[in-house]
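**Q** Got a structure for you, written out below as structure tokens; questions coming shortly.
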Amino acid sequence: MSDKYFTPSIDADAPLPDLGNERIASDRFSSPEYMKQEWSKLWRTVWNIGPRIEEINAPGDYVIHELGEESFLFVMGKDNKIRGFYNVCQHRGNRLVMGKPCDSAKFFKCAFHAWSYNTDGTIKGVPNPDTFPQFKDGLPKEELGLEEIRIDFWGGWIWFNLDGKAEPLLDFLGELPEQLAPYQIENMRLLEYKTFLWDSNWKVACDAFNESYHFRGLHPQILKWSDEMAKIELHGIHSRMINKYGTTSSPYTGAAEVFPELKEWMAYNGMDAESYEGAPEDVWKAKTAFSRSIQDQPHITAPYKDMTDEQLTDVYHYFIFPGFAMNVFPEGVNGFRYRPHETDPNKMYYDLILLVHYPEGQQIPCERKFFKEKVRYDQIADTPISYIITDVLQQDADNVSINQLGLKSEGFRGMYLGDQELRVRHFHKTLDSYIKD
Ligand code: FES
Ligand SMILES: [Fe+2]
């Protein structure tokens, strides 16, 4: 291994912080009033993750990104600078750019009265300007440009903030950029960007993905190829957990059979599963040895050399408050963005964002896709993804609406959380700290 910085592990024996054990009331998952408070006190104040930088390569390239009732336009101007704007025409308030979420334009023309804007957000032209007495001395450019928002960059993403008083992005992210540096996420490229309309509040999905206590109930097959018990660590408003892959959980611990799921995990990682002769719970050791054996080969793009042994086999799940989580692997990232619906607290948008390390200079064009109806993930994946992954994604997708139904029940007394769900409690406590007056 090189002598570069390495991601610290989590000490499984370190005592977990005591965040109390009271129930968490569930009206926050369906209350329109709470949803309004979230917009003004949470989404408008935090740093939000936006498009990938690689989606905007040349002057005129743009991405439309929606959050709640707002739409934002991220675009590169002729000066090669990327800017972010509210996607709204300053004449009569039409939403300015509609249609494909990623495209390229020489300028933007509003569909209502044809006011046009340059890619740097300045006003380009107004039809019949002499009918506006306000323009007798020329177009007041400083008054008519698009409303700009604050943006910054980290990890290959454009981040945006709607609050002029917010702390710098890197302060908001805390220790995470340093911990994640060895993965070189900024050098990864989009493989898939899929958005799903789900019948649940955004926090239902957020909570479901922030603990592995649900493996046993919702994903029992995972017990055959991973350790359900997570190591957990809180980092300010963010958090992370680590689950070992390539092993087994009870009741499969000590089993003699190397289960098909374990063999699939090996094959998915490029290993020769049939020649494996060890115990089922030790498959991760073979993965470590395999990754070390190939880490110097010229075609290997994953930064195995900068990884600890644990990172070669375990899934590091990072949660960036309030609405982005990612499973981070040396080879890539499976990102989960939870966005609030524009009007309905019982709905949300779930962005599944897959990134991988491509060979330098190569990029497979990634087309963003939106699925309004329920779909089977294994039928809409554009790239070959193992069934051990798609099955889990599907089970999670199928359960959020069921959870939403119960959370609204008058007979539900509030969430009752254990230690393996500490990140859920931490998330809601952090949310409380934003929402309280
Ligand atoms: S609202 Fe855009 S040109 Fe009138
Ligand atoms: Fe899950």
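**Q** Is it fair to say residue 45 is part of a loop (DSSP other than H, G, I, E, B), under 24 Å from residue 423 (Cα atoms), open to solvent by less than 20 Å² (accessible area, probe 1.4 Å) and in contact (Cβ under 8 Å) with a residue 40 or more places away in the chain?
**A** no
**Q** Any residue that is within 16 Å of ligand 2 (Cβ to nearest atom), polar (S, T, N, Q) and part of a loop (DSSP other than H, G, I, E, B) - is there at least one of those in region 357-372?
**A** no
**Q** Another question about this same structure. What residue, among those in region 282-335 that are farther than 18 Å from residue 267 by Cβ and of a type in the set (D, E, K, R), is surrounded by the most Cβ atoms within 10 Å (Cβ to Cβ)?
**A** Here the residue is 314.
**Q** Going residue by residue through region 245-254, is there one that turns out to be in contact (Cβ under 8 Å) with a residue 60 or more places away in the chain and loosely packed, with under 15 Cβ neighbours inside 10 Å?
**A** no
**Q** Against the conditions (1) of a type in the set (Ser, Thr, Tyr); (2) touching a residue at least 12 places away in the same chain (Cβ under 8 Å); (3) open to solvent by 40 Å² or more (accessible area, probe 1.4 Å), where does residue 377 fall short? Just the number, please.
**A** (3)
**Q** Looking only at region 412-425, decide whether some residue is farther than 23 Å from residue 301 by Cα, of a type in the set (Gly, Ala, Ser), away from ligand 1 (no atom under 16 Å from the Cβ) and in a helix (DSSP H, G or I).
**A** no
**Q** Restricting attention to region 97-128, which residues are in a strand (DSSP E or B) and of a type in the set (Lys, Arg)?
**A** 109, 124
**Q** Do we find a residue being within 16 Å of ligand 2 (Cβ to nearest atom), at pLDDT 95 or above and within 29 Å of residue 400 (Cα to Cα) anywhere in region 175-194?
**A** Checked against the condition, which is being within 16 Å of ligand 2 (Cβ to nearest atom), at pLDDT 95 or above and within 29 Å of residue 400 (Cα to Cα), region 175-194 yields no hits at all.
**Q** Out of all the residues in region 297-304, is one or more in a loop (DSSP other than H, G, I, E, B), of a type in the set (A, V, I, L, M, F, W, C), under 30 Å from residue 422 (Cβ atoms) and out of contact with any Gly (no Cβ under 6 Å at 6 or more places or on another chain)?
**A** So far as region 297-304 goes, no, none of its residues is in a loop (DSSP other than H, G, I, E, B), of a type in the set (A, V, I, L, M, F, W, C), under 30 Å from residue 422 (Cβ atoms) and out of contact with any Gly (no Cβ under 6 Å at 6 or more places or on another chain).
**Q** Taking the criterion of being touching a Phe, Trp or Tyr at 6+ places or on another chain (Cβ under 9 Å), modelled with pLDDT of 95 or more and aromatic (Phe, Trp, Tyr), would at least one residue in region 128-139 satisfy it?
**A** no
**Q** Within region 57-94, track down each residue that is open to solvent by 10 Å² or more (accessible area, probe 1.4 Å), within 16 Å of ligand 1 (Cβ to nearest atom) and either touching a residue at least 60 places away in the same chain (Cβ under 8 Å) or of a type outside the set (A, V, I, L, M) (or both).
**A** Across region 57-94, the qualifying residues are 86, 90, 91, 92, 93, 94.
**Q** Follow-up. In region 398-408, which residue that is among the aliphatic types (A, V, I, L, M) and out of contact with any strand residue (DSSP E or B) (no Cβ under 7 Å at 6 or more places or on another chain) is nearest to ligand 2 (Cβ to nearest atom)?
**A** Ranking the candidates gives 402 first.
**Q** Let me ask something additional. Please determine, by comparing only the residues of region 196-240 that are open to solvent by less than 10 Å² (accessible area, probe 1.4 Å) and part of a strand (DSSP E or B), which one is farthest from ligand 1 (Cβ to nearest atom).
**A** Only one residue fits best here, namely 226.
The values are calculated or read from the model by the stated rules, or taken from the named source; none is laboratory data. Computed from a predicted model, the values in this text were never measured in an experiment. When we count neighbours, we look across all protein chains shown, and the Cβ atoms used for this are built from the backbone with ideal geometry, even at glycine. For the accessible areas, the whole protein counts, side chains as well, though only heavy atoms, and no ligand, DNA or RNA atoms are used. Shrake-Rupley method; radii C 1.70, N 1.55, O 1.52, S 1.80 Å.
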